[in-house]
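Dumping the structure here so I can ask a few things about it.
The values are calculated or read from the model by the stated rules, or taken from the named source; none is laboratory data. For clarity, every value in this text was computed on a predicted model and none was experimentally measured. Positions of Cβ are backbone-derived with ideal geometry, glycine not excepted, and every protein chain shown enters the neighbour counts.
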Amino acid sequence: MSTTTTPTGSTATGPGSGDVVEIRDLAVSFATDAGSVAAVRDVSLTVAAGEVLAIVGESGSGKTVTARTILGLLPETATARGAVVLRSRDGGSSHDVVTLRGSQLREVRGQDAAMVFQEPSTALNPVYPVGWQITEGLRAHGKLSKAEARAKAIDVLRRVGIPDPETRIDHYPHQFSGGQKQRIVIAQALVLDPGVIVADEPTTALDVTVQAEILDLLRRCRDDFGAAIVLITHNMGVVADLADRVAVMYRGELVEQADVRTLFAAPKEPYTQQLLAAVPRLGSGSASARARAEQRAPGWAETAPVVAARDLRIVYPGRLRKPDFTAVDGVSFDIRPGEVLGLVGESGSGKTTIGRAIAGLTRVSGGSLQVLGTEMNGMKERTFRPVRERIGFVFQDPATSFNPLLTIADAVAEPLVVHKRAKDPRAARRRVDELLEAVQLPKAFGDRYPHELSGGQRQRASLARALALDPELLIADEPTSALDVSVQARVLELFADLQRQLGFAALFISHDLAVVDLLADRIAVLLRGKLVEEGTGEEVLGAPQHAYTRRLLASLPVPDPDQQATRRAEWERLRATD
């Protein structure tokens with residue numbers, strides 16, 4: 001250990017040789033109306049220079065709270081005990097962040113440690129150009145001239161892979177894609193050359209191909225910039241791809257830590273074993289898909305499809321002299337009764353647009369789309385209203401799809417009241433209780449409000465609402481993308497059980513091929529509005545014919561460090577041949 005004088009004149013005990021962060025006996029609690037709530041209990045961790053430490057666990061495990069203490073980013077209601085010792089990159093000084101306040105904290109933020117937030121759209125200010133937001137940190141910490149700060153911002157944008165940085169530096173956040181915005185947030189973190197970067201779920205909402213690019217960039221942050229990384233994630237494939245060492249947290253406590261290969265090969269703690277067992281793996285759905293196919297009645301393939309698309313086109317008209325945008329271009333597919341079709345592709349591929357068109361929420365521009373016997377091209381709302389109650393829709397983010405002013409019972413009852421199956425929510429309560437129990441929620445949860453439920457519980461309630469009218473067709477749009485891996489596993493298992501019991505057909509939209517493989521009878525792959533491949537999971541995922549499908553597969557991280565290294569090399573090879 002080293003002892004260094006702090007700006008206040010006191011001494012702070014520094015991390016061990018080569019460590020940029022040392023957390024000792026950290027305990028964090030939050031003051032609430034119901035009393036003090038312990039979020040982190042006696043956690044001790046170190047992060048070596050140039051190391052990637054992944055902290056994993058479910059929501060509420062304390063992983064983000066632990067990581068945010070490195071930059072002193074806890075709210076005023078938080079009380080921290082213990083020590084979080086942060087060493088400067090040159091090793092010349094170290095500080096116990098828990099004891100720092102005001103200007104002292106601002107001095108270490110950005111220079112010694114920087115943060116990459118989960119959602120770049122909220123991390124970036126929409127009213128300032130991205131270049132101004134990057135140079136803001138340089139201006140706060142240094143004496144660079146305007147021209148020097150701009151030149152440095154252009155250089156860091158180029159190094160994180162933003163094309164034409166001399167021009168794009170003056171663009172606003174809304175002019176960039178999701179992946180590019182995440183690169184800009186990483187550029188903000190890198191511009192002051194910190195010794196450690198805290199990356200909080202940096203790939204959660206990204207497509208698998210964009211995720212692979214961001215992981216490659218984070219790897220370069222370590223290799224080219226020399227920064228240590230503290231990675232907060234629930235994606236065990238991301239951990240296998242990037243981490244050197246893994247710390248597993250559960251209910252505020254550190255339950256296991258080991259190097260990445262040891263942890264995946266021989267996890268010691270039951271919780272770690274459960275976490276790894278919950279990860280969906282490619283090929284795991286083939287047996288269940290074959291079993292479902294064998295159980296179908298003879299002649300099932302000749303039955304009338306629930307959904308039939310032929311040369312489907314959906315065009316969004318251009319505005320302000322901009323050309324029209326073709327979101328779906330000549331797509332044909334069928335969904336038969338009781339069948340689950342998985343629709344996969346990157347953002348902008350048209351998969352959500354197709355789901356919305358089937359639900360009557362987006363107009364069809366050309367071709368034919370028949371839904372439950374009704375032609376959607378030229379459809380009139382009054383003719384489609386009786387059909388709409390035969391369709392359920394599970395949205396991606398239940399937190400925004402629920403009215404925060406309604407209880408869960410009132411929200412689940414809403415379709416029953418709207419379609420006159422019940423006079424009011426009170427009259428529908430018996431049916432609501434049945435639905436909540438069907439999705440494995442206690443009926444008492446009906447009296448709670450959406451913010452009082454966890455993410456997984458809200459998604460179950462969203463599924464209950466979608467099933468309220470006994471639909472013949474269910475459309476699920478990325479229903480598990482923001483969930484923890486163990487919660488996701490339970491929701492997927494519930495979805496499969498309900499589909500088997502109730503027999504509804506389903507369109508399951510996702511960018512996660514392993515999740516789709518688990519549930520779908522057939523998989524359709526979309527690229528820029530066109531259908532490039534379709535077939536069973538064994539056909540599409542086992543022997544992909546299209547180069548884009550092969551690239552999607554190679555970009556999906558798997559929870560095995562050695563296997564993932566091979567897949568990463570294949571992804572880099574395919575990307576180089578594009």
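For segment 156-188, which residues satisfy the criterion of being in a helix (DSSP H, G or I) and of a type in the set (Ser, Thr, Tyr)?
As a first pass, look at segment 156-188 and keep what is in a helix (DSSP H, G or I): 156-159, 165-168, 173-175, 178-188.
THR167 - this is the single residue of segment 156-188 that is in a helix (DSSP H, G or I) and of a type in the set (Ser, Thr, Tyr).
Hey, among the residues in segment 459-489 that are part of a helix (DSSP H, G or I) and at pLDDT below 80, which one's surrounded by the fewest Cβ atoms within 10 Å (Cβ to Cβ)? Break it down into steps so the answer makes sense when it comes.
Just the residues of segment 459-489 that are part of a helix (DSSP H, G or I), to begin with: 459-466, 485-489.
Cutting the leftovers down to at pLDDT below 80 gives us 485-488.
Details: VAL485: 23, SER486: 19, VAL487: 21, GLN488: 23.
Ranking the qualifying residues of segment 459-489, first place goes to SER486.
For ALA258, indicate whether it is part of a strand (DSSP E or B), at pLDDT 90 or above, closer than 24 Å to LEU556 by Cα and out of contact with any strand residue (DSSP E or B) (no Cβ under 6 Å at 6 or more places or on another chain). Break it down stepwise before answering.
On the way: part of a strand (DSSP E or B): yes; at pLDDT 90 or above: yes; closer than 24 Å to LEU556 by Cα: yes; out of contact with any strand residue (DSSP E or B) (no Cβ under 6 Å at 6 or more places or on another chain): yes.
Criteria met by ALA258.
Then there is this: Quick check: anything in segment 139-155 more than 17 Å from the chain's Cα centre (by Cα), buried (at least 24 other Cβ atoms within 10 Å of the Cβ) and not aromatic (Phe, Trp, Tyr)? Step through it out loud before you land on a result.
The initial filter retains those residues of segment 139-155 that are more than 17 Å from the chain's Cα centre (by Cα), namely 139-155.
With buried (at least 24 other Cβ atoms within 10 Å of the Cβ) added as a condition, the list becomes 153.
Next, only the ones that are not aromatic (Phe, Trp, Tyr) stay: 153.
For segment 139-155, residues more than 17 Å from the chain's Cα centre (by Cα), buried (at least 24 other Cβ atoms within 10 Å of the Cβ) and not aromatic (Phe, Trp, Tyr): present.
Continuing with the same structure: List pairs: first in segment 20-45 and free of Cβ contacts under 8 Å to residues at least 60 places away in the same chain, second outside any strand (DSSP E or B) and aromatic (Phe, Trp, Tyr), Cβ under 7 Å, 6+ apart or cross-chain?
Filtered contacts from segment 20-45: no entries.
While we're on this one: Please work out which one of (1) within 30 Å of GLU269 (Cα to Cα); (2) surrounded by 18 or more Cβ atoms within 10 Å (Cβ to Cβ); (3) modelled with pLDDT under 90; (4) not β-branched (Val, Ile, Thr) is the condition ALA113 fails and give its number.
Single failed check for ALA113: (1).
Somewhere in segment 500-511, is a residue of a type in the set (A, V, I, L, M) and without any contact (Cβ under 8 Å) to a residue 60 or more places away in the chain? Don't jump to the end; show me each part of the working.
Residues of segment 500-511 of a type in the set (A, V, I, L, M): 502, 505-507, 509.
Remaining after also requiring without any contact (Cβ under 8 Å) to a residue 60 or more places away in the chain: 502.
Yes; the residues of segment 500-511 include at least one that is of a type in the set (A, V, I, L, M) and without any contact (Cβ under 8 Å) to a residue 60 or more places away in the chain.
Could you tell me how many of the residues in segment 261-293 are in a helix (DSSP H, G or I), modelled with pLDDT of 85 or more, more than 23 Å from ASP42 (Cβ to Cβ) and aliphatic (A, V, I, L, M)?
3
When both residues are 6+ apart or on different chains and their Cβ atoms are under 7 Å apart, which pairs have a first residue that lies in segment 166-190 and is farther than 12 Å from GLY131 by Cβ, and a second that is of a type in the set (Phe, Trp, Tyr)?
Note: pairs meeting the criteria are VAL185/PHE117; LEU190/PHE225.
Go through LEU231, LEU312 for me and flag whichever is touching a residue at least 40 places away in the same chain (Cβ under 8 Å) and closer than 30 Å to LEU527 by Cα. Outline the logic, then answer.
Numbers: LEU231 fails: closer than 30 Å to LEU527 by Cα.
It is LEU312.
Which one is nearest to ALA49 (Cα to Cα), of the residues in segment 244-255 that are in a loop (DSSP other than H, G, I, E, B) and of a type in the set (D, E, K, R)?
Taking segment 244-255 as the starting set, the residues that turn out to be in a loop (DSSP other than H, G, I, E, B) are 244, 251-252.
Adding the requirement that they be of a type in the set (D, E, K, R) leaves 244, 251.
Details: ASP244: 12, ARG251: 28 Å.
Only one residue tops the list, namely ASP244.
Another question, if that's okay. Among the residues of segment 86-106, count how many are more than 22 Å from ASP200 (Cβ to Cβ) and out of contact with any strand residue (DSSP E or B) (no Cβ under 8 Å at 6 or more places or on another chain).
Looking only at that region, the number is 5.
Another question, if that's okay. In segment 225-243, how many are part of a loop (DSSP other than H, G, I, E, B), closer than 20 Å to ASP562 by Cα and touching a helix residue (DSSP H, G or I) at 6+ places or on another chain (Cβ under 6 Å)?
To start, the set of residues in segment 225-243 that are part of a loop (DSSP other than H, G, I, E, B) comprises 225-227, 234-235, 243.
From what is left, the residues that are closer than 20 Å to ASP562 by Cα are 234-235, 243.
Right, trim to touching a helix residue (DSSP H, G or I) at 6+ places or on another chain (Cβ under 6 Å) and you get 234, 243.
Total satisfying the criteria: 2.
Among what's in segment 490-506 and is among the small types (Gly, Ala, Ser) and either surrounded by fewer than 21 Cβ atoms within 10 Å (Cβ to Cβ) or part of a helix (DSSP H, G or I) (or both), pick the residue that is farthest from the chain's Cα centre (by Cα).
Taking segment 490-506 as the starting set, the residues that turn out to be among the small types (Gly, Ala, Ser) are 496, 503, 505-506.
Okay, now just the ones that are also either surrounded by fewer than 21 Cβ atoms within 10 Å (Cβ to Cβ) or part of a helix (DSSP H, G or I) (or both), so 496, 503.
Details: ALA496: 21, GLY503: 29 Å.
Only one residue tops the list, namely GLY503.
Next question. Failed condition for ASP42, given (1) touching a Pro at 6+ places or on another chain (Cβ under 9 Å); (2) surrounded by fewer than 18 Cβ atoms within 10 Å (Cβ to Cβ); (3) outside any helix (DSSP H, G or I), with all others met?
Condition (1) is where ASP42 drops out.
How many residues does segment 531-575 contain that are assigned to a loop (DSSP other than H, G, I, E, B), surrounded by 17 or more Cβ atoms within 10 Å (Cβ to Cβ) and not polar (S, T, N, Q)?
First, the residues of segment 531-575 that are assigned to a loop (DSSP other than H, G, I, E, B): 536, 543-546, 556-560.
Narrowing further to those that are surrounded by 17 or more Cβ atoms within 10 Å (Cβ to Cβ): 536, 544, 556-560.
Next, from what is left, pick out any that are not polar (S, T, N, Q): 544, 556-560.
Going through segment 531-575 one residue at a time, the tally reaches 6.
Something else now. Working only within segment 141-152, note down all residues that are touching a helix residue (DSSP H, G or I) at 6+ places or on another chain (Cβ under 7 Å) and either assigned to a loop (DSSP other than H, G, I, E, B) or closer than 14 Å to GLY110 by Cα (or both).
Looking only at segment 141-152, we keep the residues that are touching a helix residue (DSSP H, G or I) at 6+ places or on another chain (Cβ under 7 Å), and these are 144, 149-150, 152.
If the condition is that a residue be touching a helix residue (DSSP H, G or I) at 6+ places or on another chain (Cβ under 7 Å) and either assigned to a loop (DSSP other than H, G, I, E, B) or closer than 14 Å to GLY110 by Cα (or both), then LEU144 is the only one that fits.
For segment 46-83, enumerate the residues that are among the polar types (S, T, N, Q) and in contact (Cβ under 8 Å) with a residue 60 or more places away in the chain. Walk me through how you get there before you give the answer.
Step one: list which residues in segment 46-83 are among the polar types (S, T, N, Q), which gives 46, 59, 61, 64, 66, 69, 77, 79.
Matches in segment 46-83: SER59, SER61, THR64, THR66.
Hey, another quick one. Would you be able to tell me the number of residues in segment 207-224 that are part of a loop (DSSP other than H, G, I, E, B) and either among the basic types (Lys, Arg) or without any contact (Cβ under 8 Å) to a residue 60 or more places away in the chain (or both)? Explain how you work it out, then say what you get.
Restricting attention to segment 207-224, the residues satisfying the condition of being part of a loop (DSSP other than H, G, I, E, B) are 207, 224.
When the remaining residues are screened for being either among the basic types (Lys, Arg) or without any contact (Cβ under 8 Å) to a residue 60 or more places away in the chain (or both), the result is none.
Counting residues in segment 207-224 that are part of a loop (DSSP other than H, G, I, E, B) and either among the basic types (Lys, Arg) or without any contact (Cβ under 8 Å) to a residue 60 or more places away in the chain (or both) gives 0.
I've got another one for you. Kindly indicate which of ALA189, ALA228, ALA212 is closer than 28 Å to GLU107 by Cβ, at pLDDT below 90 and crowded, with 23+ Cβ neighbours inside 10 Å. Talk me through it step by step, then tell me what you get.
Values: ALA228 fails: at pLDDT below 90; ALA212 fails: closer than 28 Å to GLU107 by Cβ.
Among ALA189, ALA228, ALA212, only ALA189 is closer than 28 Å to GLU107 by Cβ, at pLDDT below 90 and crowded, with 23+ Cβ neighbours inside 10 Å.
When you scan segment 217-230, do you find a residue that is among the β-branched types (Val, Ile, Thr) and within 15 Å of SER61 (Cβ to Cβ), even just one?
Narrowing segment 217-230 to residues among the β-branched types (Val, Ile, Thr): 229-230.
From what's left, within 15 Å of SER61 (Cβ to Cβ): 230.
Taking every residue of segment 217-230 in turn, at least one turns out to be among the β-branched types (Val, Ile, Thr) and within 15 Å of SER61 (Cβ to Cβ).
Another question, if that's okay. Name every residue in segment 294-312 that is crowded, with 18+ Cβ neighbours inside 10 Å and in a strand (DSSP E or B), in order of residue number.
VAL307, ALA308, ALA309, LEU312
Take segment 285-324 and flag every residue that is in contact with a helix residue (DSSP H, G or I) (Cβ under 6 Å, 6 or more places away or on another chain) and of a type outside the set (A, V, I, L, M, F, W, C).
GLY285, SER286
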